[in-house]
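S.K.: Here's a structure for you.
Just so it is clear, none of the values below were taken in a lab; they were calculated from the coordinates. Because the structure is predicted, anything quoted here is derived from the model rather than measured. FYI the Cβ positions are ideal-geometry reconstructions off the backbone, even for glycines, and counts take in every protein chain you see.
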Amino acid sequence: MQLLNTLYVTLPESYLHLENDTLRIEVEHDTRLRVPLHHVGSVVCFGNVKLSTPLMHRLADSGIGLVLLDGNGRFKARLEGPVSGNVLLRQAQHERCRDAGFALAIARYCVAGKIKNARQVLQRGAREAKEPGDAASLTRAADDLAAALRALPNATDLDTLRGVEGEAARQYFAGLNLVVRPEARAAFQMDGRSRRPPRDRMNALLSFLYSMLMNDCRSAVEAAGLDPQVGFLHALRPGRAALALDLMEEFRAIADRVALTLINRSQIGAGDFTEREGGAVLLEGDARKAVVVAWQERKQEELTHPLLEQAIPLGVVPLVQARLLARSLRGEMPEYLPFVIR
């Protein structure tokens, strides 16, 4: 299975254009990068980036996705060529979505994967904590998430399931503050999750990472031939990639760990953020580049997939999970098994 390479463009005023079979990036007529198109799986542009029309045509013809995000990582638009994928698989997906029992089961697996991986983050934080009080608090928070896992089988409808997931998320983010090194906690304290806009530095950092994760999950869903708009846990809304959001849940903890590593190793500091009028907190340009590099490096790390029992790069795991979900939708697997960090 091939790991699709994503090109992230973060430099303001960049100009992307086609040069034979190469994507060329210029800033004020100065060439910064040339990349052969056959090495590119998708292109993600942050903020004010300009693109030539011939390049956009070539990306569409080559099946290379183009995603436009604002400077803070919020989704703006996506360019793609003709829809590909198995129409029979998509038909099965649409039918399964209308099956309340099946939809609830898939949604429950998505939430279970999310909570299990979040619990791993807290347990690891407890093991590495230098203060006994922090270790005890993190252990209690991990126990609370274990209780949430036990409650999942009793959630007999999506609203109840979402309630369990929401409470588990609240407990998790409260505990996440204690995984940050003590001297950085004042700068990166978060009071719950805030998204549009993020209201503190930690939320701004997580939102930026989640935007890249979301793009990876949507690409994985489309590569498997599935309809990204038709999901099971997230409600269907026009313009919402509900299935990609469903798949994303089990990988959020990986993005969280990247954020914690960047903070705890002082690779990202309080000065890398700006506060806008109205209380929005945004990640600055140079810091965005550091986060992109850290995310790409994390995706290259190899791990052993529990079902495949072979070493694969972490960046391939969403593709594997999307294909496992497709097999479940076709009835080739009795149930969908989310990816759980070991």
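S.K.: Rounded to the nearest 500, what is the chain's calculated 222 nm mean residue ellipticity when only DSSP H runs of at least 4 contribute -39500 (n - 2.57) each, over all residues? Show your work: numbers first, answer last.
M.R.: Values: 11 runs with 164 residues, N = 342.
Value at 222 nm, helices only: -15500 deg cm²/dmol.
S.K.: Size of the chain along its principal axes in angstrom, Cα-based, largest extent first?
M.R.: That works out to 58, 52, 41 Å along the principal axes.
S.K.: Let me spell out the model: positive unit charges on the Cβ of Lys and Arg, negative unit charges on the Cβ of Asp and Glu, origin at the Cα centre of the chain. What dipole size does that give, in debye rounded to 20? Numbers along the way, then the final one.
M.R.: Values: 44 positive and 41 negative charges, 83 e Å.
Using Cβ point charges on Lys, Arg, Asp and Glu, the chain gives about 400 debye.
S.K.: From largest to smallest, what semi-axes in whole angstrom does region 50-151 give when each is the square root of 5 times an eigenvalue of its alpha carbon gyration tensor? Walk me through the numbers before you get to the answer.
M.R.: On the way: eigenvalues 334, 129, 18 Å².
That gives 41, 25, 10 Å for the three semi-axes.
S.K.: Counting only C-alpha contacts under 8 Å and six or more residues apart, can you give the relative contact order of region 9-93 as a whole percent? Please list the in-between numbers first.
M.R.: Numbers: 141 pairs, mean separation 20.6, N = 85.
Once normalised by length, the contact order is 24 percent.
S.K.: Anything over 31 Å Cα to Cα? Flag those among LYS116/LYS299; LYS50/LYS114; LYS50/LYS116, in the order listed. The partial results should precede the final answer.
M.R.: Working: LYS116/LYS299 20 Å; LYS50/LYS114 37 Å; LYS50/LYS116 41 Å.
As for pairs spanning more than 31 Å Cα to Cα, those are LYS50/LYS114; LYS50/LYS116.
S.K.: Here's a follow-up. Check VAL44: other-chain or 5+ apart residues with amide H under 5 Å from its amide H, H built from backbone geometry?
M.R.: When sequence neighbours closer than 5 places are left aside, the close amide H contacts are LEU7, TYR8, VAL9, VAL67.
S.K.: From zero outward in steps of 10 Å, how is the percent of C-alpha pairs of region 182-269 spread across the bins?
M.R.: Taking all Cα pairs of region 182-269, the binned fractions are 17, 41, 28, 13, 1 percent.
S.K.: How high is the relative contact order of the chain, in percent, counting Cα pairs under 8 Å that sit 6 or more residues apart? Don't jump to the answer; show the numbers that get you there.
M.R.: Details: 553 pairs, mean separation 56.1, N = 342.
Relative contact order comes out at 16 percent.
S.K.: Taking the convex hull of the Cα atoms, report for region 1-48 its projected area averaged over all directions, in nm². All intermediate terms of the calculation are to be shown ahead of the outcome.
M.R.: Working: hull surface 13.5 nm².
The Cα convex hull of region 1-48, projected and averaged over all directions, gives 3.4 nm².
S.K.: Given the alpha-carbon gyration tensor of region 262-319, what are the semi-axes of its equivalent ellipsoid in whole angstrom, ordered largest first, with each equal to the square root of 5 times an eigenvalue?
M.R.: Details: eigenvalues 216, 30, 16 Å².
That gives 33, 12, 9 Å for the three semi-axes.
S.K.: Please give the residues of region 251-278, grouped as numeric ranges, whose backbone N is less than 11 Å from a label point set 7 Å along the Cα-to-Cβ vector of GLU284.
M.R.: Zone members listed by number: 269-275.
S.K.: Give me the extension gain from GLU309 to ALA146: residue separation times 0.36 nm, minus the current Cα-Cα distance, reported in nm with one decimal. Kindly include the intermediate steps, with their values, before the conclusion.
M.R.: Working: separation 163, 0.36 × 163 = 58.68 nm, distance 2.59 nm.
Length difference between fully extended and current span is 56.1 nm.
S.K.: Show log10 I(q)/I(0) for region 123-252 at q = 0.15, 0.19, 0.21 Å⁻¹, two decimals, from a solvent-free Debye sum over equal Cα scatterers.
M.R.: Results for region 123-252 at q = 0.15, 0.19, 0.21 Å⁻¹ read -0.88, -1.21, -1.30.
S.K.: Still on this model: For GLN300 and GLN189, compute 0.36 nm times the residue count separating them, minus their Cα-Cα distance, and round to one decimal in nm. All intermediate terms of the calculation are to be shown ahead of the outcome.
M.R.: Values: separation 111, 0.36 × 111 = 39.96 nm, distance 2.95 nm.
That pair, GLN300 and GLN189, stretches by 37.0 nm at full extension.
S.K.: Moving to a separate point now. Which distance in nm do the two modelled labels at LEU33 and ALA100 give, with both placed 7 Å along the Cα-to-Cβ direction?
M.R.: That separation, rounded to one decimal, is 4.9 nm.
S.K.: To continue, here is another question. Do me a favour and compute the ellipsoid semi-axes for region 1-121 from its Cα gyration tensor, root of five times each eigenvalue, largest one first, whole Å.
M.R.: Computed over region 1-121, the values are 35, 20, 13 Å.
S.K.: If you don't mind, there's one more thing I want to ask. Can you tell me the alpha carbon radius of gyration of region 17-79 divided by the globular rule-of-thumb value 2.2 N^0.38 Å? Spell out each step's value before the answer.
M.R.: Working: Rg = 11.5 Å, N = 63, 2.2 N^0.38 = 10.6 Å.
After normalising by residue count via 2.2 N^0.38 Å, the value is 1.08.
S.K.: Compute the length gained on full extension between ASN86 and LEU236: take 0.36 nm times their separation in residues and subtract their Cα-Cα distance, giving the result in nm to one decimal. Could you put the intermediate results ahead of the total?
M.R.: Details: separation 150, 0.36 × 150 = 54.00 nm, distance 2.12 nm.
Taking ASN86 through LEU236 to full extension adds about 51.9 nm, to one decimal.
S.K.: Right, another one. Lys/Arg Cβ at +1, Asp/Glu Cβ at -1, dipole of the chain taken about the Cα centre: which of CYS217, PRO338, LEU206 is farthest positive-ward?
M.R.: PRO338
S.K.: Let's see if you can work this out: charge +1 on each Lys and Arg Cβ, -1 on each Asp and Glu Cβ, no other charges. What is the dipole magnitude of region 217-326 about its Cα centre, in debye to the nearest 20? Display every interim value, and only then the final one.
M.R.: Numbers: 12 positive and 15 negative charges, 26 e Å.
Taking the Cα centre of region 217-326 as origin, the dipole is about 120 debye.
S.K.: Give the dimensionless ratio obtained when the Cα radius of gyration of region 133-177 is divided by 2.2 N^0.38 Å. Don't jump to the answer; show the numbers that get you there.
M.R.: Details: Rg = 11.5 Å, N = 45, 2.2 N^0.38 = 9.3 Å.
Normalised Rg, Cα atoms only: 1.23.
S.K.: Taking a quarter of the surface of the convex hull around the Cα atoms of region 300-341, what do you get in nm²?
M.R.: Values: hull surface 11.0 nm².
So the mean shadow area of the Cα hull is 2.8 nm².
S.K.: Charges at C-beta only: +1 for Lys and Arg, -1 for Asp and Glu. How large is the resulting dipole of region 139-283 about its Cα centre, in Debye rounded to 20? Provide the component values of the computation, followed by the final result.
M.R.: Details: 18 positive and 19 negative charges, 67 e Å.
Using only the charged Cβ atoms, the result is roughly 320 debye.
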